[in-house]
Amino acid sequence: MGSVSCSLCPAGWSVDGLGCSTCLPGTFQKGMEQASCEKCPQGKISTRAGASSCSVCNNGLNMNNTGQYECDTCEAGKFKKEQPFEGDPRTVYLCKSCDVGMYQSDVGQASCLSCFPGSFMDEMGASGQGCKLCLTNEYRNSTMGATQCSKCPQGWFSSIGSAKCSKCPAGSYGDTKGNGCKNCEAGKFRSVSDAPDSCKLCSAGKSQSEQAQASW
């Protein structure tokens, strides 16, 4: 006895002349008895045949094309955390460059990292070894913006990559912002308790024939 009914093509399949055909990876079909499969939209993929829906690319991954079966990985210096499904399709599905003051050395990341104290970044999309180090006689601490370093004030100095400046040691001074310290001249002195931006002349009856002295 012949069959009295036929089965409908299920979700994940489409109707063809010979019956039903499974949807290929990168496509899907959520309905039954449909004439064709649909491409996965931007930002989504289907990894297997016979998919009834597509999956969102995970954090650190993106897909800006339709009909794909695997996501692309965000490059170093870029990130993607949220997957929106509205807005300009040329940008919402893409990995974004790290903002100034931040960096990302690894691929496939959901966020960027802030520059650590003593460093800064004044360019978008920083990767590699991270942020740029503050120069000698400059500094940046954790409360300051991370797009630039500041010069040490008069009478203060720092080494490269510093988060703070130090006062010029006794016998030296600094009279220009960001220029570090220099020795007191002969006939002058500066103790640790004196202002660091100048040296004092020796008192009457006192002398100092050597440089960089803390007392007469």
Subset of the range 12-44, residues at pLDDT 95 or above and aliphatic (A, V, I, L, M), comes to Leu24
Selection status of Lys78, loosely packed, with under 15 Cβ neighbours inside 10 Å and in contact with a Ser or Thr (Cβ under 8 Å, 6 or more places away or on another chain): no
Identity of the residue in the range 13-34, among the hydrophobic types (A, V, I, L, M, F, W, C) and assigned to a loop (DSSP other than H, G, I, E, B), that ends up nearest to Cys71 (Cα to Cα): Leu24
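Is one or more of the residues making up the range 103-122 farther than 30 Å from Val56 by Cα, acidic (Asp, Glu), in contact (Cβ under 8 Å) with a residue 12 or more places away in the chain and part of a loop (DSSP other than H, G, I, E, B)?
Of the range 103-122, the ones farther than 30 Å from Val56 by Cα are 115-122.
Within this subset, residues satisfying the condition of being acidic (Asp, Glu) are 122.
After this cut, where a residue has to be in contact (Cβ under 8 Å) with a residue 12 or more places away in the chain as well, the list is 122.
Imposing the further condition that a residue be part of a loop (DSSP other than H, G, I, E, B) reduces the set to 122.
Yes.
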Quick one: count up the residues across the range 137-165 that are polar (S, T, N, Q) and crowded, with 21+ Cβ neighbours inside 10 Å. 3
In the range 110-122, how many residues are farther than 20 Å from Ala163 by Cα and over 9 Å from the mean Cα position of the chain (by Cα)? 1
Could you please find all residues in the range 109-124 being among the small types (Gly, Ala, Ser) and surrounded by 20 or more Cβ atoms within 10 Å (Cβ to Cβ)? Gly118, Ser119
Might you let me know whether the range 129-136 holds any residue that is modelled with pLDDT under 90, buried (at least 16 other Cβ atoms within 10 Å of the Cβ) and more than 38 Å from the chain's Cα centre (by Cα)? no
May I ask you to list the residues in the range 35-67 that are outside any loop (DSSP other than H, G, I, E, B) and under 26 Å from Val15 (Cβ atoms)? Glu38, Lys39, Lys44, Ile45, Ser55
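What about Lys206, is it touching a Cys at 6+ places or on another chain (Cβ under 9 Å) and at pLDDT below 95? I'd like the intermediate steps shown before the answer.
Details: touching a Cys at 6+ places or on another chain (Cβ under 9 Å): no; at pLDDT below 95: yes.
Answer is no for this residue.
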Hey, can you tell me all the residues within the range 97-109 that are farther than 9 Å from Glu75 by Cα and either over 10 Å from the mean Cα position of the chain (by Cα) or assigned by TED's automatic domain parsing to the domain that holds Asn59 (or both)? none
With respect to Gly67, determine if the residue is surrounded by fewer than 22 Cβ atoms within 10 Å (Cβ to Cβ) and in the same structural domain as Pro25 (by TED's automatic domain parsing). yes
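The values are calculated or read from the model by the stated rules, or taken from the named source; none is laboratory data. All values reported here derive from a predicted model rather than from experimental measurement. Using ideal geometry, Cβ is built from the backbone for each residue, glycine included, and neighbour counts are taken over all protein chains shown.
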